[in-house]
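See below for the structure under consideration.
Every read-out reported here was derived from the displayed coordinates using simple, explicitly stated rules and does not represent laboratory data. Computed from a prediction, not measured in an experiment: that's the story for all the values here. Virtual Cβ from ideal backbone geometry, glycine too; neighbours counted across all protein chains shown.
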Amino acid sequence: MADLELKEISKQFDQQFAVRDINLHVQNGELVVLLGPSGCGKSTLMRLIAGLETPTHGQVLIGGQDKTALRPKDRNVALVFQSYALYPHLSIYENIAFPLRVRGMPDKALDEKVLWAARLLDIERLLQRKPRQTSGGERQRTALARSLVRDPAVFLLDEPLSNLDAKMRHAAREELRSFQHQVKATWIHVTHDQTEAMGLGDRIVVMDKGQVRQIGTPTEIYQHPADTFVATFVGSPPMNLIEMGDHILGFRPESCLPRAYFENESDLFKICFQLQRAEYLGNETLLYALTQAPLNTTKMIARIPSTLRLDVHPGDLCEFAVRSSDLRFFSAGEDGVKIDRPASALRG
Amino acid sequence: MRNLTSETENRAIAALALLPSFVILLVLVALPTFSVALYSLQDVQMGEASHPFVGLENFQWALSYAPFWNALTNTLVWVFGSVGIEMVVGVFIALLLNKNFVGRGIARAIVFAPYLIPTVVAVLVWRYMFHDVLGVVNYFLLKAGWINEPVNWLSSPKIAMMTVIIVGVWKFFPFVVLAILGVLQAIPQDQYEAAKIDGASEWQQFWRITLPHLMPIFLLTTLLRSIWTFHKFDIIYLLTGGGPVGSTTTLPVLVYQKAFADFEIGRASALAFITAFLLTILLLIYFYLSKRVEARQ
């Protein structure tokens, strides 16, 4: 295992930047998630680390050594593909053994290593099967086992859960996390699914249009988004953003609760809205509403836990509030970067 | 009750829809096959009204007829020679065309051209090119100093079969390229990328990924080409007419000669029937293999 460092990595395809000026330091044994919408450059970044693409500019350092010019096989990284890229004509055993076979490892050592990996991922009973005779989850574990036998310095996983159904995805996330802890791997995980990112990552790198928007722990990313892109990309439903003239006001749907809920608390920001539609989801209710004066009329969403019994109907004017500490402020420009509370900010 | 009626109606509609195909198959396939089978058991001479029944006499005759064994040997040489070379050349060129290079589109178009040129046109051009005195092939070989005297490409019994195979390969290797290229392009790229990361060399990637992916279609194409080559008539007949001295007479050519030069329809039918029997064996292997390939996918 080793740490991984990207220094000012850029990659251009036909003058277009796929990724631009990426700096990232992944600690030894850390699990970092690359999160972003499709086409944001996260897969390209992973391929750059793996050596399947060469950067136009910048350096890839693994364990402190510059590996930028090395071929994929000489970087000691493992890549688990979205499709798992298993060889359909080989058995699960031979799939796992593949990296060792091409290195010419003696049969006995190879057998031990394959069995070790299969045991670790609990796929021993599948070893004689062909990939097509196994389930999605089993294929994923096979792909992991195949990457594991090489003792790679860095694990790269490209959307490994996207081929699984929602129920299995949850279980697989658990398994991945405990597997990562077990092998104490330096691990980069690409996904467009923010729940997956929040649940898995020690840190999350949010990317958009080839650039890093924010690097931080799940809490930092969620609580203190660096800009309006991160604020709306992370969180479902996204952070509410309201134009306030020279700045943008933001708050999470769940921090907006009925005024009465806060009782005697003083440092509140009051929000009056007209309810458009209520969506009952069992554990919570989403209120789709339009903000009222003195705020600009803007669409917003409030998220009310079901334990808070609330009797409201479409058309009702509701008085809600957000704790001042839960308010976020962004510059009014296109970037919408995080700013300190402006002097002009309304007091509740 | 209502259900039963609609069931009967459905069946009637299905039968009606199948009727045209059934009639066409009956007239174009079943009837000729049946009449060949019938003729093979009769002594049929062109222009004679009576067709006395002779039992298996025509088959006995065929099996003791030296030119039949000669034609069978020629057919095997023709099939194995052409298909063998076609497969090797086809796979090699498909691998080349699968690489990224400037002008790949044009290269592909050129490679497929022979397949699109009508056989008659192609054969006439080749006949001219292989002419021992006027032909461009001899001209260039002499010029290059590779041969000292003109080669009798089409008139030497020792060389004619090779010439015919060359033309056959030229005409039909694009089919192999087409089939193999289709498979090559369908192999997921990430398997190669995974192999690269795992440390596989180019050769190991070919041996362990490309080849196993190609194998099913390679086998099927080999068989299909063998079947088609087995009953190929036009190329050989137009190039050499089966000569010189029977050196390129394959079974279909022999059948033609017996039927339309010697007018011995009964014996020709027996020969045709034996040819069809041999082809059926190849066809059964083909169906068996393609079923297995389907099951694997």
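Roughly how crowded by other chains is peptide B:198-205, in terms of the mean Cβ count from those chains within 10 Å of each of its Cβ atoms? Walk me through the numbers on the way to the answer.
Values: counts 15, 12, 6, 2, 0, 0, 3, 1.
That works out to 5 on average.
How big is the dipole moment of chain A about its Cα centre under a simple scheme where the beta carbon of each Lys and Arg is +1, that of each Asp and Glu is -1, and everything else is neutral? Debye, nearest 20, please.
1120
Shape of chain B from its Cα gyration tensor (a ≥ b ≥ c, root eigenvalues): rounded if a/c is under 1.5, otherwise prolate when a/b > b/c, or oblate? Let's see the in-between values first.
Numbers: a/c = 2.26, a/b = 1.10, b/c = 2.05.
Note, shape of chain B comes out oblate.
Distance between the C-alpha centers of the range B:13-51 and the range B:212-236? Whole Å please.
28
What is the set of long-range amide H partners of A:Thr285 at a cut-off below 5 Å, with H atoms built 1.01 Å from backbone N?
Placed amide hydrogens put A:Ile304, A:Ser306 under 5 Å from A:Thr285.
Taking chain B as a Gaussian network, where each spring joins two C-alpha atoms under 10 Å apart, which residue of B:Arg11, B:Arg104, B:Arg127 fluctuates the most?
B:Arg11
Hey, what angle do you get for helix A:107-120 against the long axis of chain A, alpha-carbon based, 0 to 90 degrees rounded to 10?
With both axes taken from Cα atoms, the answer is about 20 degrees.
Which residue fluctuates the most in chain A, going by a Gaussian network model with Cα springs under 10 Å, if the choices are A:Gly315, A:Gly58, A:Gly29?
Taking springs between Cα atoms under 10 Å, the residue moving most is A:Gly315.
Just name one of A:Leu115, A:Pro238, A:Pro258: the one whose Cα is farthest towards the positive end of the charge dipole of chain A (beta-carbon charges, Lys/Arg +1, Asp/Glu -1).
A:Leu115
How much FRET efficiency would the formula 1/(1 + (r/R0)^6) give for A:Val337 and A:Thr217, where r is the Cβ-Cβ distance and R0 is 25 Å, rounded to 0.05? Display every interim value, and only then the final one.
Numbers: r = 19 Å, r/R0 = 0.77.
Efficiency, from the Cβ-Cβ distance: 0.80.
What net charge is computed for the residues neighbouring B:Leu154, neighbours being all others with C-beta under 15 Å from the C-beta of B:Leu154, Lys and Arg scored +1, Asp and Glu -1?
After counting each charged neighbour, the total is +1.
Please list the non-local residues whose amide H lies under 5 Å from the amide H of A:Ala321, H modeled 1.01 Å from N, same-chain partners needing a gap of 5 or more.
It is A:Leu257, A:Arg259, A:Ile271, by chain and number.
For the range A:36-106, just say rounded, prolate or oblate: build the C-alpha gyration tensor, square-root its eigenvalues into a ≥ b ≥ c, call rounded for a/c under 1.5, and beyond that prolate if a/b exceeds b/c, oblate if not.
Note, shape of the range A:36-106 comes out oblate.
For chain A, give the share of DSSP beta bridges that are antiparallel, in percent and rounded to the nearest 5; count only bridges with both residues there.
For chain A, the DSSP antiparallel bridge percentage is about 75.
Provide the per-residue ³J(HN,Hα) series for the range B:179-188, in order, calculated from phi with Karplus coefficients 6.51, -1.76, 1.60 and θ = phi - 60°, each as a whole number of Hz, with x at glycine and proline positions.
5, 6, 4, x, 5, 4, 6, 8, 6, x
Per residue of the range A:299-312, in order, report the coupling 6.51 cos²θ - 1.76 cosθ + 1.60 (Karplus, θ = phi - 60°) as ³J(HN,Hα) in whole Hz, putting x for Gly and Pro.
Rounded to whole hertz, the list is 5, 9, 10, 10, 10, 10, x, 5, 5, 8, 6, 9, 10, 10.
Distance cut-off 26 Å, Cα to Cα: go down the list A:Lys67/A:Lys184; B:Lys232/B:Lys258; A:Lys11/A:Lys113; B:Lys99/B:Lys196; A:Lys7/B:Lys196 and report the pairs above it. If you can, show how the numbers build up before the last one.
On the way: A:Lys67/A:Lys184 22 Å; B:Lys232/B:Lys258 17 Å; A:Lys11/A:Lys113 37 Å; B:Lys99/B:Lys196 16 Å; A:Lys7/B:Lys196 24 Å.
As for pairs spanning more than 26 Å Cα to Cα, those are A:Lys11/A:Lys113.
Please list, or write none, the lysines whose alpha carbon is within less than 17 Å of the alpha carbon of A:Lys299, excluding same-chain residues fewer than 8 places away.
A:Lys270
Could you tell me whether chain A comes out rounded, prolate or oblate from its Cα gyration tensor? Rule is a ≥ b ≥ c as square roots of the eigenvalues, rounded for a/c under 1.5, then prolate if a/b exceeds b/c, otherwise oblate.
Taking the square roots of the gyration eigenvalues as a ≥ b ≥ c, chain A is prolate.
Could you work out how much longer the chain between B:Leu238 and B:Met215 gets when fully extended? Use 0.36 nm per residue separation minus the Cα distance between them, nm to one decimal.
Computed gain between B:Leu238 and B:Met215 is 4.9 nm.
Add +1 for every Lys or Arg and -1 for every Asp or Glu among the other residues with Cβ under 15 Å from the Cβ of B:Leu141, and state the total. Walk me through the numbers on the way to the answer.
Working: positive: B:Lys143; negative: B:Asp132, B:Glu149.
The answer is -1.
In whole Hz, with x marking every Gly and Pro, tabulate ³J(HN,Hα) for the range A:137-144 from phi via Karplus 6.51 cos²θ - 1.76 cosθ + 1.60, θ = phi - 60°.
x, 5, 5, 4, 5, 4, 4, 5
Quick query: amide H of B:Phe130 versus all other amide H atoms, modeled in the peptide plane; which residues come in under 5 Å with a sequence gap of 5 or more or a different chain?
Amide H neighbours of B:Phe130, under 5 Å, 5+ apart: none.
For B:Val169, what charge total do you get from the other residues with a beta carbon under 14 Å from its beta carbon, if Lys and Arg give +1 and Asp and Glu give -1?
+2
Charges on Cβ only, +1 for Lys and Arg, -1 for Asp and Glu, centred on the Cα centroid of the range B:58-296; of B:Leu76, B:Val169, B:Phe140, which one is farthest towards the dipole's positive end?
The Cα lying farthest towards the positive end belongs to B:Val169.
Calculate the mean, over all residues of peptide A:82-91, of how many other protein chain Cβ atoms lie within 10 angstrom of the residue's Cβ.
Details: counts 1, 5, 3, 11, 4, 7, 8, 8, 3, 0.
Per residue, the number of nearby Cβ atoms from other chains is 5 on average.
Return the single residue from A:Asp227, A:Asp193, A:Asp246 with maximal mean-square fluctuation; model: Gaussian network over chain A, springs between Cα atoms under 10 Å.
Among A:Asp227, A:Asp193, A:Asp246, the largest GNM mean-square fluctuation belongs to A:Asp246.
Express as a percent, rounded to the nearest 5, the fraction of DSSP beta bridges in the protein assembly as shown (both residues included) that run antiparallel. Could the numbers behind the result be given before it?
Working: 55 of 73 bridges.
Bridges in the protein assembly as shown that DSSP calls antiparallel: roughly 75 percent.
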